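The values are calculated or read from the model by the stated rules, or taken from the named source; none is laboratory data. Given the structure is predicted, the values throughout are model-derived calculations rather than measurements. Glycine also receives a Cβ, built like all others from the backbone with ideal geometry; neighbour counts cover every protein chain displayed. With ligands, DNA and RNA removed, areas are computed over all heavy atoms of the protein, side chains included. Shrake-Rupley method; radii C 1.70, N 1.55, O 1.52, S 1.80 Å.
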Amino acid sequence: MLSWAWLLGGAFLGWALGANDASNVFGTAVGARAVRFRTAAIYLCIFVTLGAFLQGSEGIHTLGSLSTGVTIQSAFTTAFTAALSVAALTVLKLPVSTSQAVVGAIIGISLALGDRPNWGSLPKIMLCWVGTPVGAMIISVILYLVLGRIWDWTTDRVGLHVIDSLESGGLIVAGAYGAYALGANNIANVVGVFAPLAPFNNMDPRVLAALGAAAVCLGVVTYSKRVMFTVGQNLVPLEPFTAFIAVLAHAVTVHIYAMVGVPVSTSQAIVGAVLGIGLIKGVQSVNTKVLLKIVIGWVSTPISSGIVAFVFYKIVFGWIFPVA
């Protein structure tokens, strides 16, 4: 029973991911006032769970290979301290990378244990951090140029009622796909550090992934609305069609990394996609102050998470409850 109690750290991280990262799936749609928050939350919970259950175990090995000494205490600390970093930036209404928070915590705990992190895995992960927003930006531009012609042709031939239905339906479909990709890619951040440890290593990974998805859904329902408008409305003003392009580009990007088996940030993907729209509309449309705050959040996330994890582990499991 005590072993299961350690999973509360993962539950906290799942809640934080749902409150922050999951909101970015429908953030542009809600920010554009094309989809109601309640509708977005329902679709998020359904498709995050499906993605986690069907493809959620792919990225677990990548994160596990970064740490050289995994115990139940270090797994709990990784999840708990990463969640603290994500929750703090969520309160500040900033999208933050849960993947970066987890990696920072793993490195911090490895140093606290006196182990040398597996630095050989880090370049691959960091390359994906850079590639996520850049790739999403490129995909966003391509989709806008291709689908924009089809959209213009269609809207010239149908009425406003049909256009409204197409906009809301397209945003829901793209958001559902994005939610699926989130579950498939990011659930490894929530439960991946626990998977190699008893009793979780005897479980079907899909069941463990589904448990993590339940925590994500709780974060979506209780707190995600606050972050949606930062990306969906404040960074680049979006109308429903450009919001659809941003969500679709984000979903394609995250799903590609899910199939590769590397957990990446949905926040970085959606921001990159929105910036792609901003480049097409003109650089002057990008709110540089909001962009700077987002970038500062990304840079500070792994550093702050690593420091918090190092200090937390040293105090709690080094002095107060020393691990033999």
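Taking Val264 as the residue in question, decide whether it is within 24 Å of Thr77 (Cα to Cα), open to solvent by less than 60 Å² (accessible area, probe 1.4 Å), at pLDDT 85 or above and not in a helix (DSSP H, G or I). Yes. Of everything listed in (1) over 23 Å from Ser85 (Cβ atoms); (2) surrounded by fewer than 21 Cβ atoms within 10 Å (Cβ to Cβ), the single unmet condition for Gly278 is (2).
Looking at the range 287-308, can you tell me whether even one residue there is outside any helix (DSSP H, G or I) and out of contact with any Lys or Arg (no Cβ under 7 Å at 6 or more places or on another chain)? Outline the logic, then answer.
Residues of the range 287-308 that are outside any helix (DSSP H, G or I), as a first pass: 287.
Filter once more, so that each one left must be out of contact with any Lys or Arg (no Cβ under 7 Å at 6 or more places or on another chain): 287.
The answer is yes, given that some residue of the range 287-308 is outside any helix (DSSP H, G or I) and out of contact with any Lys or Arg (no Cβ under 7 Å at 6 or more places or on another chain).
Determine, yes or no, whether Ser121 is at pLDDT below 90 and either touching a Pro at 6+ places or on another chain (Cβ under 7 Å) or crowded, with 21+ Cβ neighbours inside 10 Å (or both). Write out each step before concluding.
Working: at pLDDT below 90: yes; either touching a Pro at 6+ places or on another chain (Cβ under 7 Å) or crowded, with 21+ Cβ neighbours inside 10 Å (or both): no.
No, not satisfied.
Any residue at all in the range 237-250 that is modelled with pLDDT under 85, open to solvent by 10 Å² or more (accessible area, probe 1.4 Å) and either closer than 22 Å to Gly18 by Cβ or of a type in the set (A, V, I, L, M) (or both)? Checking the range 237-250: at least one residue is modelled with pLDDT under 85, open to solvent by 10 Å² or more (accessible area, probe 1.4 Å) and either closer than 22 Å to Gly18 by Cβ or of a type in the set (A, V, I, L, M) (or both).
Taking the range 264-280 as the range and being of a type outside the set (Val, Ile, Thr) and in contact with a Leu (Cβ under 9 Å, 6 or more places away or on another chain) as the test, the residues that pass are Ser267, Ala273, Leu275, Gly276, Gly278. Taking the criterion of being modelled with pLDDT under 75 and open to solvent by 10 Å² or more (accessible area, probe 1.4 Å), the residues of the range 36-62 that qualify are Glu58, Ile60, His61, Thr62. Of the residues in the range 179-193, not one is over 21 Å from Ile46 (Cα atoms) and open to solvent by 70 Å² or more (accessible area, probe 1.4 Å).
Only one of the listed residues (Gly169, Gly183, Gly131, Gly135) is within 13 Å of Pro240 (Cβ to Cβ) and either basic (Lys, Arg) or within 27 Å of the chain's Cα centre (by Cα) (or both). That residue is Gly169. Pairing each residue of the range 24-44 that is farther than 15 Å from Gly178 by Cα with any residue that is open to solvent by 10 Å² or more (accessible area, probe 1.4 Å) and among the charged types (D, E, K, R), provided the two are 6+ apart or on different chains, yields C-beta distances under 9 Å for Ala32/Glu167; Ala32/Glu239; Ala34/Asp164; Ala34/Glu167; Ala34/Glu239; Phe37/Lys225.
Please verify whether Arg226 is in contact with a Lys or Arg (Cβ under 7 Å, 6 or more places away or on another chain) and either on the phi > 0 side of the Ramachandran plot or in a helix (DSSP H, G or I) (or both), treating the condition exactly as stated.
Here the answer is yes, as Arg226 does meet what is asked.
Only one entry in Ser140, Ser168 is surrounded by fewer than 20 Cβ atoms within 10 Å (Cβ to Cβ), under 24 Å from His255 (Cβ atoms) and polar (S, T, N, Q), namely Ser168. Scanning the range 309-324 for residues being in contact with a helix residue (DSSP H, G or I) (Cβ under 6 Å, 6 or more places away or on another chain) and in a helix (DSSP H, G or I) gives a total of 6.
Quick check on the range 146-164: of everything there that is hydrophobic (A, V, I, L, M, F, W, C) and either touching a residue at least 60 places away in the same chain (Cβ under 8 Å) or open to solvent by less than 30 Å² (accessible area, probe 1.4 Å) (or both), which residue is farthest from Gln268 (Cα to Cα)?
Of the range 146-164, the ones hydrophobic (A, V, I, L, M, F, W, C) are 146-147, 150-151, 153, 158, 160, 162-163.
Pick out the ones that are also either touching a residue at least 60 places away in the same chain (Cβ under 8 Å) or open to solvent by less than 30 Å² (accessible area, probe 1.4 Å) (or both) and you get 147, 151, 163.
Details: Leu147: 23, Trp151: 26, Ile163: 30 Å.
Among those residues, the one meeting the criterion is Ile163.
Scanning the range 1-35 for residues that are at pLDDT 85 or above and open to solvent by 10 Å² or more (accessible area, probe 1.4 Å), we see that the one that is nearest to the chain's Cα centre (by Cα) is Trp15.
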